[in-house]
Structures are given as C-alpha cells and as structure tokens.
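A.B. asks: Take this structure, written in structure tokens, and hold onto it; I'll ask about it next.
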Amino acid sequence: MKKIIQQIVLVAFVAIAGAIYTYFSHGVTSPFMSYAFLWLLLGFVLQHVISPRLPRKVKKGIKSLHYSLWLSYMLNATLGSISVGIIYIAGSYTDLLYAQLVVGLISLLLYLILSIVLMWATR
C-alpha cells in the first residue's frame, strides 16, 4: 500500500508541476507538458497489471532487464514529454527533442515484448 501511495504522490506532483508551469506561461500551452503525468500513470498501471502475472522462477538477469526497461520507459517518456513541453512553451522547436520520447516508447515496447515472452515461456 505504501508503494501505491508513493506512486500516486509522484503522479500528482508531475501533474501539479505541469499545471503550474502552464499557468505561468502567459497563455501558451503544450499538450506534452499538460499530459506528462499520463506516462507515469500508464507505467504504474502496467507494473501492477504485469508484475503479478510474471513467473516467480525467472533468472535474476532477465528480471533485472525487465525492471530496467520499465524504469527506462518511465524516465525517458516522462522527462521527454516535459522537455518537449517546456521548449514548445518557450516558443522554440527542434526535432531532437523527440529523441528522448522515442527512446521511452521503444523501452515500453521492449518491456511489453519481454513481458509476453516471459509469460508464455513458462506456461
């Protein structure tokens, strides 16, 4: 229960920080900044849905890779979304900003593929 409360607090913090930043941006908004908390929320929901379904007898290296992919997704997607939002609100634009967001989405895809493989391999 303590872990869930910490996760809710983190999601709320990112949502409130995005709202405050948008409020002080002189009427300029960015959907990347406004909805950055959704990447965290999706990651936490996936963790609570997928983790209990994973087999207990998984090699330590595979388990740490699985967890690292999840953390990589959470960090890169959330921070990528926030950085794109900040730059967009500042009035600048570059395609390089999307690189971190793309890395986060690739990590999410690899996390989901590894989850499916682990669930099916131990049937």
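The values are calculated or read from the model by the stated rules, or taken from the named source; none is laboratory data. This structure is a prediction, so every number in the text was calculated from the model and none was measured. Methodologically, a virtual Cβ is constructed for each residue, glycine included, from the backbone with ideal geometry; neighbour enumeration extends over all protein chains shown.
A.B. asks: Inside the stretch 100-123, can you point out the residues that are at pLDDT below 90, over 14 Å from the mean Cα position of the chain (by Cα) and either surrounded by 16 or more Cβ atoms within 10 Å (Cβ to Cβ) or in a helix (DSSP H, G or I) (or both)?
C.D. replies: 118, 119, 120, 121
A.B. asks: Separate question: Hey, among 21, 73, which residue is at pLDDT below 90 and surrounded by 14 or more Cβ atoms within 10 Å (Cβ to Cβ)?
C.D. replies: Working: 73 fails: at pLDDT below 90.
Result: 21 is the single residue among 21, 73 that is at pLDDT below 90 and surrounded by 14 or more Cβ atoms within 10 Å (Cβ to Cβ).
A.B. asks: In the stretch 24-41, how many are within 16 Å of the chain's Cα centre (by Cα) and surrounded by fewer than 16 Cβ atoms within 10 Å (Cβ to Cβ)?
C.D. replies: Just the residues of the stretch 24-41 that are within 16 Å of the chain's Cα centre (by Cα), to begin with: 31-41.
So of that shortlist, the ones also surrounded by fewer than 16 Cβ atoms within 10 Å (Cβ to Cβ) come out as 31, 35, 38.
Residues that pass the stated criteria total 3.
A.B. asks: Considering only the stretch 80-99, state which residues are out of contact with any Ser or Thr (no Cβ under 8 Å at 6 or more places or on another chain), without any contact (Cβ under 8 Å) to a residue 24 or more places away in the chain and crowded, with 16+ Cβ neighbours inside 10 Å.
C.D. replies: Answer for the stretch 80-99, where residues must be out of contact with any Ser or Thr (no Cβ under 8 Å at 6 or more places or on another chain), without any contact (Cβ under 8 Å) to a residue 24 or more places away in the chain and crowded, with 16+ Cβ neighbours inside 10 Å: just 83.
A.B. asks: From the list 87, 50, 62, pick out the single residue that is β-branched (Val, Ile, Thr) and within 24 Å of residue 16 (Cβ to Cβ). Talk me through it step by step, then tell me what you get.
C.D. replies: On the way: 50 fails: within 24 Å of residue 16 (Cβ to Cβ); 62 fails: within 24 Å of residue 16 (Cβ to Cβ).
Step by step, each of 87, 50, 62 is checked, and only 87 is β-branched (Val, Ile, Thr) and within 24 Å of residue 16 (Cβ to Cβ).
A.B. asks: So, one more: Please count how many residues of the stretch 26-63 are under 30 Å from residue 121 (Cβ atoms) and not in a helix (DSSP H, G or I). Lay out the reasoning, then the answer.
C.D. replies: Step one: list which residues in the stretch 26-63 are under 30 Å from residue 121 (Cβ atoms), which gives 39-63.
Remaining after also requiring not in a helix (DSSP H, G or I): 54-59.
The qualifying residues number 6.
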